[in-house]
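Just so it is clear, none of the values below were taken in a lab; they were calculated from the coordinates. Fair warning: this is a prediction, and the values are worked out from it, not measured in the lab. In this analysis, Cβ positions are derived from the backbone assuming ideal geometry, glycine residues included, and neighbour counts consider all displayed protein chains.
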Amino acid sequence: MLLQDRVAIVTGAARGIGEATARRMGQEGACVAVVDIDLDVAQGVATFIRESGGQADAFRCDVAKPADGEQLVKDVIAKYGRLDVLVNNAAICPRIPMEEMTEEWFDRLININVKSVFFLSRAAAEAMKPQQWGRIVNLSSTGGRIGGVFNATVYGGTKAAILAMTKSFARHYAPWNILVNAVAPGAVNTRLMQMPEDKLKVQIEAGPLKRLADAGEIAAVITFLASQEASWMTGSTVDVNGGTLML
């Protein structure tokens, strides 16, 4: 029970890595705030966690709006009495060719993938300060290391920004024992990997393990970073990519 009695916010938790993380944290004893803009699906995830013996509630939040994120932190604390863990997972990855990228889509990617991480992390960390303990885990991507693959140029840029932001937050909040780390997944079997079959095959063949990751494999690493077991890690990025990129 790595997260016994901890309270965790997981954004983008209705599907994919976020859902797997919410479920895993529920299994590890956390009270989980299952956060998504799609409240109906998030409620289904929260129900599953409760029926499996865990504690969870669904919260709707548009993470692209800083005021919504700040209210989310207040609502979670009002519900559970504290906040210990934030997982910034919510993101979009529209497969738009560079020549067809519009300012509207560019701004949407920045708002959801980057701006949300800054403002929600700040709100969460400030709430964690009094207890002198906190964990923030940001979801980056192998695309943030090497550049976006298959019409994901701006997406890759947003994920690279998260790597730098993780280090800045880690330095700033270290005096309060608030540890901030990132996870950079490779190709994971979620809807963000929607691409033509031939392109997907290239992605799979690029890694030594020759397969897509299951979302639960990423969730396991996120849960570790959210626990006391990772007490000597901050400002780090854990590459979970099946060997596609070895640093």
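Would any residue of the stretch 108-152 have its amide N under 18 Å from a label point 7 Å out along Cα→Cβ of residue 245? List them or say none. Only 113-114, 138-152 fall inside the zone, counting backbone N under 18 Å.
Tell me, what is the percent relative contact order of the stretch 7-240, built from C-alpha pairs under 8 Å that lie six or more residues apart?
Numbers: 472 pairs, mean separation 45.4, N = 234.
Relative contact order, the stretch 7-240: 19 percent.
Placing +1 on the Cβ of every Lys and Arg and -1 on the Cβ of every Asp and Glu, with nothing else charged, gives the stretch 122-199 a dipole about its Cα centre of roughly 260 debye. Taking amide H as placed 1.01 Å from N in the peptide plane, residue 61 has its amide H under 5 Å from the amide H of 36, 37, each at least 5 places away in sequence or on another chain. For the stretch 163-207, a/c is not less than 1.5, where a ≥ b ≥ c are the root eigenvalues of the C-alpha gyration tensor, and a/b tops b/c. That puts it in the prolate class. The C-alpha radius of gyration of the stretch 22-141, expressed as a fraction of 2.2 N^0.38 Å, stands at 1.13.
Decide, for the stretch 116-247, between rounded, prolate and oblate: order the square roots of the alpha carbon gyration tensor eigenvalues as a ≥ b ≥ c, take rounded if a/c falls under 1.5, and otherwise choose prolate if a/b is larger than b/c, else oblate. Don't jump to the answer; show the numbers that get you there.
On the way: a/c = 2.56, a/b = 1.94, b/c = 1.32.
Judged from the Cα gyration tensor, the stretch 116-247 comes out prolate (a/c at least 1.5, a/b above b/c).
Calculated from DSSP H runs of 4 or more alone, at -39500 (n - 2.57) each and per residue, what is the 222 nm mean residue ellipticity of the chain, nearest 500?
Working: 9 runs with 106 residues, N = 247.
Computed ellipticity for the chain at 222 nm equals -13500 deg cm²/dmol.
Potential lengthening of the chain between residue 78 and residue 232 amounts to 52.4 nm, from the contour at 0.36 nm per residue minus the alpha-carbon distance. A Förster radius of 25 Å, combined with the Cβ-Cβ distance separating residue 146 from residue 92, puts the computed FRET efficiency at roughly 0.80. Between residue 177 and residue 126, residue separation times 0.36 nm minus the direct Cα-Cα distance comes to 17.2 nm.
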